[in-house]
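What follows draws every value from the coordinates through simple rules; no lab data is involved. This is a predicted model, so every value here is computed, not measured. For neighbour counting, all protein chains shown are included, and Cβ atoms are generated from backbone atoms with ideal geometry for every residue, glycine included.
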Amino acid sequence: MTRSPLGTPAEIAARLGDHGYLTDEGLSTVTYLALSMHRPLLLEGEPGTGKTALAEALAESLGVPLIRLQCYEGIDASQALYDWDFTRQILHLRTVEATGQAADPAALEESLFDERFLLARPILRALRESPAVLLVDEIDRADDEFEAFLLEVLSTHQVSIPELGTITAEMPPIVVLTSNRTRELHDALKRRCLYHWIDHPGLARETAIVRARLPEVAETLAEQVVTVIQRLRHSDELLKPPGVAETLDWARALHELGNTELDLESAAATIGAVCKYREDLERVRATLDVMLSA
C-alpha cells in the first residue's frame, strides 16, 4: 500500500485543521485510506455538514488544484468530459476557405478537430492535470446513465476521444464524491468507493469549527450561536435543520453587526442566515427568547 501524501490519519487531521477543517477520527482515517489506496471517497450526509469543504481543504493541504464537477438532473458525458469549440471551428473553416487551403478534405477535417479547439470539462481536466482533487458534487442529482459513465472513468482513469485517441491519467486524481442522499446510488458505484457518512458535529467540535474558521468572532458569541444551533438542530419542528454552513453564516452575520454576545434583538434580525423557510423563521422567532434564556 502506498503511503498517503499527508501521512498518518492523525497527521491528515492536523493538516486539514490547519486549513480550517476539523475532522473526527473516522473521517480522517477514511480520508487517509482513500489517499493511500487510490480509491474514490464517497461522502454522504445532510446538506451543510462539510462534505464539499473536505475536498476544498484536502486540495489546499496537498497544494493541488481543486476541479469541481457540479452534478444536476440531465447532465451528460459531454458536459463532464469534453466538447468542441464550435464557434472557433467555424472561424477556422472560413479562414481556410478564404485563403484557398481547403483543397484536401481529410486534412481540413483533421485541422477542425485539433487540440486547440478542445474544451476540456472537469473530468478530462482532472485526468490531464493530475495531481488534482476532482470533486464530483451532489452525484445523487445525476441520473443512472451518468453514474454508469462515471463508474467507467473511475475504474480505468482514462477516456477515449474519437478524434484524438485515448487520454490516460499519468497519476490518478484524488476523487471525492458527495451526495445528499436524495436518491440511492447504485451498488456498483458504492463498491468502487470508500464510504463515510458525515453527521452534524457535537457542541464542542462545532464550537471549535467556528473558532477555527472565524477567529475574528468573539468566543462568547461563538459558543452562544453554536448552543442555539444545536438546540434548533435537535428540534423535530423545523423543515430544514441548520447545518454547519448556516452556523458559520450566522456567526459571521452577527460579527458584521458588531455583536460580541447574542441578544434577542440581533438574533431575531439575523435568523434568516439560519432558517430558509418561512415556517421555520416563524417557529424560531417565536421561541428565541426561551432558547436564549435557557
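Averaging sequence separations of C-alpha pairs under 8 Å and six or more residues apart, then dividing by the length of the chain, give the relative contact order as a whole percent. Mind showing how you got there, number by number?
Numbers: 450 pairs, mean separation 62.1, N = 294.
The normalised contact order for the chain reaches 21 percent.
Most fluctuating residue of LEU119, LEU41, LEU93 in a GNM of the chain with Cα springs under 10 Å: which is it?
The residue that fluctuates most here is LEU93.
Between the alpha-carbon centers of the stretch 49-103 and the stretch 252-272, tell me the distance in whole angstrom.
Each part's Cα centre sits 41 Å from the other's.
Quick one: Karplus J couplings for the stretch 172-187, per residue in order, coefficients 6.51, -1.76, 1.60, θ = phi - 60°, nearest Hz, x for Gly and Pro?
My calculation for the stretch 172-187 gives x, x, 7, 10, 10, 10, 10, 8, 8, 6, 6, 8, 7, 7, 5, 4 Hz in order.
Normalised by the number of residues in the stretch 203-285, what is the relative contact order in percent for Cα pairs under 8 Å and 6+ residues apart?
33
Would you give the gap between the C-alpha center of the stretch 217-237 and the C-alpha center of the stretch 278-294, rounded to a whole Å?
Result: 12 Å between the Cα centres.
Could you give the longest part of the chain that holds none of the trypsin sites (Lys or Arg not before Pro) found in DSSP loops with at most 16 neighbouring Cβ atoms within 10 Å?
That gives 4-180 as the longest site-free run.
What residue among PRO172, PRO47, PRO162 shows peak mean-square fluctuation when the chain is described by a Gaussian network model with Cα springs under 10 Å?
Of PRO172, PRO47, PRO162, the most mobile in the Gaussian network model is PRO162.
Please give me, ordered by residue number, the chymotrypsin sites (Phe, Trp or Tyr not before Pro) of the stretch 12-81 that lie in loop per DSSP and have at most 13 other Cβ atoms within 10 Å.
Passing sites in the stretch 12-81 are TYR72.
Please work out the Cα center distance from the stretch 6-35 to the stretch 172-206, rounded to the nearest Å.
When both Cα centres are located, 15 Å separates them.
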